[in-house]
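Notes to accompany the following structure.
The values are calculated or read from the model by the stated rules, or taken from the named source; none is laboratory data. Because the structure is predicted, anything quoted here is derived from the model rather than measured. Ideal geometry is used to build each Cβ from the backbone, glycine not excepted, and the neighbour counts take in all protein chains shown.
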Amino acid sequence: MPWREVWRILRKDRLAMISLTVITICAVLAALVHFGILAEDVSETHRLRRIEIGEPSAFLLRMQREELVRPFALDSWIWLLSNGLALESAEMHGMIRLRRGRDWSYHPPTVLIQLQEHGIVGLLRREAWAYPLGTNLDGQNVLSILLHGLRWAFIIGVVTSLIAIPIAVVIGSLGGYFGGIVDDIVVWIYSTFASVPQLLLLIALLTFMDKSMMNVLIVIGVTTWVDLCRLVRAEFFKHKEREYVLAARSLGQTHTRIIFRHILPNVSHIVIITFTIRFVQAVSLEVFLSYVGIGVDPSLATWGQVISAAKDELARQPSVWWPLTGATVFLFILSLAFSIVGDSLRDALDPKLRT
Amino acid sequence: MLLYAIRRILYAIPILFGVILLTFTLFYVINTPDALAIKELQKAANPETVRQWKIQKGFCVYTEEGLRKTKEIETGRASPGTVITDEDIRPVAMPVLFLRYGLDLLTFDFGRDRDDRPVSQVLLGGMVPSLKMMVPAFCLSEIITIFLALFCALYRGTKIDRAFVVLAVFLMSFNSVALILFFQKFLAADWRYFPISGYDTGLSGYAYLALPILIYVGLSMGVGIRFNRILMLDEIHQDYVRTARAKGLGENTVLFRHVLRNALIPLITRWAVSIPFLYLGSLLLETFFGIPGLGGITLEAIQNADLNTMRAVVFLGALLFVLANLTADILYGIVDPRVRVG
């Protein structure tokens, strides 16, 4: 069985095991977020109201009146400010910007350290640890956003694979198994798809669609099956002449049965290896699409949205660098883990596949 | 050889047809004319303008009744209350649309863009900045990665080799959008080693292009090292290498005179296939650094829902890909006679 084989190979490779552990932890975190156990909801409705900030004292009064019960670092800062404790440091570090107009509050992950420098620790210790990665410009917990991004990343990686892999396997196996005119058609179809540069194809499809996650998933799915299809076809080509296939055929088994029950299990390692590569690819594509402005709606907390929002955040003075850094680190770790596992599997299962 | 070339050319024709069919489906079938009209007209969209748009773009024609009515209205002989409704126009048959669409593309007639400039001229203008950035970037990254790959091959199996493999995996794991943001922020905006964005004609343009080129090289290095290293390692186990060593040639001579030359064959294929991507420039780099190339034009077209420009870019990209593949196949046939048969 390929699965047992896969496990045996992976267990011997320490780096791959570490990576696999990382992926598993990420998957568990994503699942916890999905079922609402971890990370509070960060969708649009829960976004903190933008508050026009006037004089600190007046603002404090209004906050008390409106009973903003959600724990929010801003409250504490306002408290400090109105008591004349931290104005200088706060302005200096750009943790809070009190201006008349449209600015609102955010704080970087280092808030605790900076507070310690000023000897005001007791009050904010609990608050600061509630936001280990700080808050973004909307006052949302960056760690929560990134965890939601993790959940979306798994959804993107898995769902697009569920769309693309069946397309690739069915088309590729038909071409490779039957050969002749069927194969010509299959090759024609995938050559056509491969000819249009992938990003352009994505763009052309998405420009005129709603910005829903479902559309993004479908479009990424239907534009990323070509590589796998090509590999599956080539592998079926080799396998259809093997003895076990001839034996199955001489026993009078149907084509469908031979393709799916006999040959497919023998080429399934390609699917497994491809999955590790395309998972990361799909997540990166989402980032690209979000940046270009044809991805999902900005209210969804995908990493793509975090990164594309960072363009404006970085340009601010002082710049808000921590959401972008967080998303980049998360993406980096996940990509690295997947490519190490993928490489390890590929080296062991099919060294010829290396590119 | 000629026969082989002709066979390859004939093989490219159905693919080109497929590309036209695919883009036609994208732009005409999946998106209904009404949806396109609303998207393109934006605020000005109402039943009247949508109808006119459909007629103007050739999606619909007037029925005989409609034709009579328009003539009457134009000449002022219409009875009061005569208005054109949706019943006076009918959609043009799909095959006709497709034929017209295909002919337009093949004759490079892409229509006019949102600002009423000919699309083909806009794209031609965008090609220069794109190539100016991408050609040096591509060459630089290829030279560096090939050199590093040879270096890895020379020290294969040692810690140095392994370090480069790890480096390649690391580089590949960085997200390009985020990396560009960081580089632009630190190298250009904060530390001012480079201008933040802009473009200039002539050689002085490279003051602006230096950072994008640098980032391109950094981003493509991971994939490049991996690809070229495996290429070199595949060659190094060939018989001719053993023969060369047996002759007593030094490791450097073997690598540079023998291995590199033989590795050129797959490399040329890779280069040929990369041409369409050079044409596109880098969508991201061009927008980040304000380079008025094709990538920037494409993104602008996306944001403005500029249909004609997008269609042209998609088609030209695909056309170049097909042509590049064709060239690669033919070059392959010239270099390696075994390919011609079979």
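Every residue, every condition in (1) farther than 13 Å from A:Leu264 by Cα; (2) in a helix (DSSP H, G or I); (3) not small (Gly, Ala, Ser), yes or no:
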site	(1), (2), (3)
A:Leu201	yes, yes, yes
A:Asp210	yes, no, yes
A:Asn215	yes, yes, yes
A:Ile220	yes, yes, yes
A:Arg230	yes, yes, yes
A:Lys238	no, yes, yes
A:Leu246	yes, yes, yes
Answer with yes or no whether A:Leu217 is within 13 Å of another protein chain (Cβ to nearest Cβ) and either crowded, with 17+ Cβ neighbours inside 10 Å or of a type outside the set (A, V, I, L, M, F, W, C) (or both). no
Which listed residue is over 30 Å from A:Gly36 (Cα atoms), assigned by TED's automatic domain parsing to the domain that holds A:Ala31, surrounded by 21 or more Cβ atoms within 10 Å (Cβ to Cβ) and free of Cβ contacts under 8 Å to residues at least 60 places away in the same chain, from A:Ser250, A:Ser191, A:Ser195: A:Ser195
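Going through region B:124-175 one residue at a time, which ones are among the aliphatic types (A, V, I, L, M), within 17 Å of the chain's Cα centre (by Cα) and within 14 Å of another protein chain (Cβ to nearest Cβ)?
Selection gives B:Met134 alone.
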Can you find a residue in region A:252-265 that is basic (Lys, Arg) and not in a helix (DSSP H, G or I)? no
Quick one: which helices (runs of 4 or more DSSP H) lie wholly within region B:218-334 and hold at least 1 residues that are out of contact with any helix residue (DSSP H, G or I) (no Cβ under 7 Å at 6 or more places or on another chain) and within 25 Å of B:Ala168 (Cα to Cα)? B:260-280
Matching entry among A:Val232, A:Val226 (being within 14 Å of another protein chain (Cβ to nearest Cβ) and modelled with pLDDT of 90 or more): A:Val226
Is it the case that A:Ala327 is more than 17 Å from B:Met172 (Cβ to Cβ), in a helix (DSSP H, G or I), more than 11 Å from every other protein chain (Cβ to nearest Cβ) and not polar (S, T, N, Q)? no
Index of the failed condition, B:Lys185 passing every other in (1) closer than 21 Å to A:Phe288 by Cβ; (2) surrounded by fewer than 21 Cβ atoms within 10 Å (Cβ to Cβ); (3) touching a Gly at 6+ places or on another chain (Cβ under 8 Å): (3)
Of the conditions (1) farther than 30 Å from A:Glu5 by Cα; (2) touching a Ser or Thr at 6+ places or on another chain (Cβ under 9 Å); (3) crowded, with 18+ Cβ neighbours inside 10 Å; (4) at the interface with chain B (Cβ under 8 Å from one of its Cβ atoms), the single one that A:Ile340 does not satisfy is (1)
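One line per residue, one yes/no per condition, for (1) over 22 Å from the mean Cα position of the chain (by Cα); (2) surrounded by fewer than 18 Cβ atoms within 10 Å (Cβ to Cβ); (3) farther than 24 Å from B:Gly125 by Cβ:
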| residue | (1), (2), (3) |
| --- | --- |
| B:Pro195 | yes, yes, no |
| B:Leu214 | no, yes, yes |
| B:Gly218 | no, yes, yes |
| B:Met221 | no, no, yes |
| B:Ile225 | yes, no, yes |
| B:Arg229 | yes, no, yes |
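Of all residues being assigned to a helix (DSSP H, G or I) and aromatic (Phe, Trp, Tyr) in region B:176-207, which is farthest from the other protein chains (Cβ to nearest Cβ)? Just the residue, please. Reasoning before the result, please.
Within region B:176-207, the first condition is being assigned to a helix (DSSP H, G or I), and the residues that meet it are B:176-190, B:203-207.
If we keep only those that are aromatic (Phe, Trp, Tyr) as well, we get B:182-183, B:186, B:206.
Numbers: B:Phe182: 8, B:Phe183: 11, B:Phe186: 10, B:Tyr206: 25 Å.
Among them, the one singled out is B:Tyr206.
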Look at region B:17-55 and say how many of its residues are in a helix (DSSP H, G or I), more than 8 Å from every other protein chain (Cβ to nearest Cβ) and either among the small types (Gly, Ala, Ser) or within 30 Å of B:Asp329 (Cα to Cα) (or both). 6
